[in-house]
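Just passing along the structure, written as structure tokens.
The values are calculated or read from the model by the stated rules, or taken from the named source; none is laboratory data. Note that the structure is a prediction, hence the values are computed from the model and not measured. Backbone-built Cβ (ideal geometry, glycine too); neighbour counts: all protein chains shown. To get the accessible areas, we keep the full protein, side chains included, count just its heavy atoms, and leave off ligands, DNA and RNA. Shrake-Rupley method; radii C 1.70, N 1.55, O 1.52, S 1.80 Å.
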Amino acid sequence: MTERTLAIIKPDAVGRHLVGAIIQRYEEAGLIPLGMKLMRLTKAQAEGFYYVHKQRPFFDSLCSFMSSGPIVVLALAGENAIQRHRDLMGATDPAKAAEGTLRKAFGTHIEHNAVHGSDSPESAQYELGYFFSALEWPQR
Ligand code: IDP
Ligand code: MG
């Protein structure tokens, strides 16, 4: 089934000039950008995005990090895109991520792990709607 999922290239990866390399990996995996923007979140906007984690001990640090510099947000489309994107990203902690994954290649720390990806159809719907309006989808 063709799905859409939300990807974020996080401030650590944008700051290390890895945007092009990461988008190349999405395209090579058949995860095709339907929407894309470079932006910087306020801390409140990061808190809204990550509201499901608000009770977690790392929530404040995570939201400070996610608002510390520019990010690139992408809507990616492809067959079984949500799970295939999670597989491409690898484990949350780059030290535990498998060889060949984005977090293994580009992450440096469990928080500074280069990329975000929706983890379910429900989160993809919330996260895509957080960043993109229906009017922004190209016809393709
Ligand atoms: P995920 O990004 O692999 O789905 P989540 O558990 O949803 O992982 O956590 C969201 C983000 O919070 C992670 O990508 C990472 O940046 C950060 N994070 C997760 N666990 C920790 C932790 O134990 N310490 C610090 N940051 C964490
Ligand atoms: Mg998650």
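Can you list the lysines whose alpha carbon is less than 23 Å from that of Lys43, not counting same-chain residues fewer than 8 positions off?
Lys10, Lys54
Where does each of Ile22, Ile110 land when they are ordered by accessible area, with a 1.4 Å probe and the largest first?
Working: Ile22 0, Ile110 95 Å².
Sorted by accessible area, descending: Ile110, Ile22.
What list of ³J(HN,Hα) values in whole Hz, one per residue of the range 112-117 in order, does the Karplus curve 6.51 cos²θ - 1.76 cosθ + 1.60 (θ = phi - 60°) give from phi, with Gly and Pro shown as x?
Here the 3J(HN,Hα) series is 8, 10, 6, 9, 10, x Hz.
For a protection proxy built on the mean count of beta-carbon atoms within 10 angstrom, sort 77-86, 53-62 highest first, please.
On the way: 77-86: 18.0, 53-62: 11.8.
The packing order, highest mean first, is 77-86, 53-62.
Any idea what the dipole of the chain comes to, in debye rounded to 20, about its Cα centre with Lys/Arg Cβ at +1 and Asp/Glu Cβ at -1? Don't skip to the end; give the middle numbers.
Details: 15 positive and 15 negative charges, 53 e Å.
Dipole about the Cα centre, nearest 20: 260 debye.
Another one. What length, rounded to one decimal in nm, is gained on full extension from Ala44 through to Ser123, with 0.36 nm per residue of separation minus their alpha-carbon distance? If you can, show how the numbers build up before the last one.
Values: separation 79, 0.36 × 79 = 28.44 nm, distance 1.88 nm.
Full extension from Ala44 to Ser123 adds 26.6 nm.
Choose one of Pro11, Ala124, Pro57: the residue whose Cα lies farthest towards the positive end of the charge dipole of the chain (beta-carbon charges +1 Lys, Arg; -1 Asp, Glu; about the Cα centre).
Pro11
Still on this structure, please answer the following. If you add up the charges near Val115, with Lys and Arg at +1 and Asp and Glu at -1, over every other residue whose beta carbon is less than 9 angstrom from its beta carbon, what do you get? Please list the in-between numbers first.
Numbers: positive: Lys10, Arg103; negative: none.
So the surrounding residues net to +2.
I'd like the carbon and sulfur percentage of the solvent accessible area for the range 10-118, probe radius 1.4 Å, heavy atoms only, ligands and nucleic acids excluded. Please report the intermediate quantities before stating the final value.
Working: 2860 of 5220 Å².
Accessible surface attributable to carbon and sulfur in the range 10-118 totals 55 percent.
Hey, another quick one. Just check the range 29-126 against the gyration tensor rule for me: Cα atoms, a ≥ b ≥ c as the square roots of the eigenvalues, rounded for a/c under 1.5, and otherwise prolate or oblate depending on whether a/b exceeds b/c. Show your work: numbers first, answer last.
Numbers: a/c = 1.57, a/b = 1.21, b/c = 1.30.
Here the range 29-126 falls in the oblate category.
Residues of the range 3-34 with backbone nitrogen within less than 17 Å of a virtual label 7 Å along the Cα-to-Cβ line of Glu136, please, listed as ranges.
Once the point is set 7 Å along Cα→Cβ of Glu136, 4-11, 32-34 turn out to lie under 17 Å by backbone N, inside the range 3-34.
Pull out the extension gain between Met1 and Glu111, defined as 0.36 nm times the separation in residues minus the alpha carbon to alpha carbon distance; nm, one decimal.
Numbers: separation 110, 0.36 × 110 = 39.60 nm, distance 3.13 nm.
Using 0.36 nm per residue and subtracting the Cα-Cα distance, I get 36.5 nm.
Another question about this same structure. Considering only protein heavy atoms, what per residue accessible area in square angstrom results for the range 48-140 with a 1.4 angstrom probe?
On the way: 4860 Å² over 93 residues.
Ligands and nucleic acids excluded, the figure is 52 Å² per residue.
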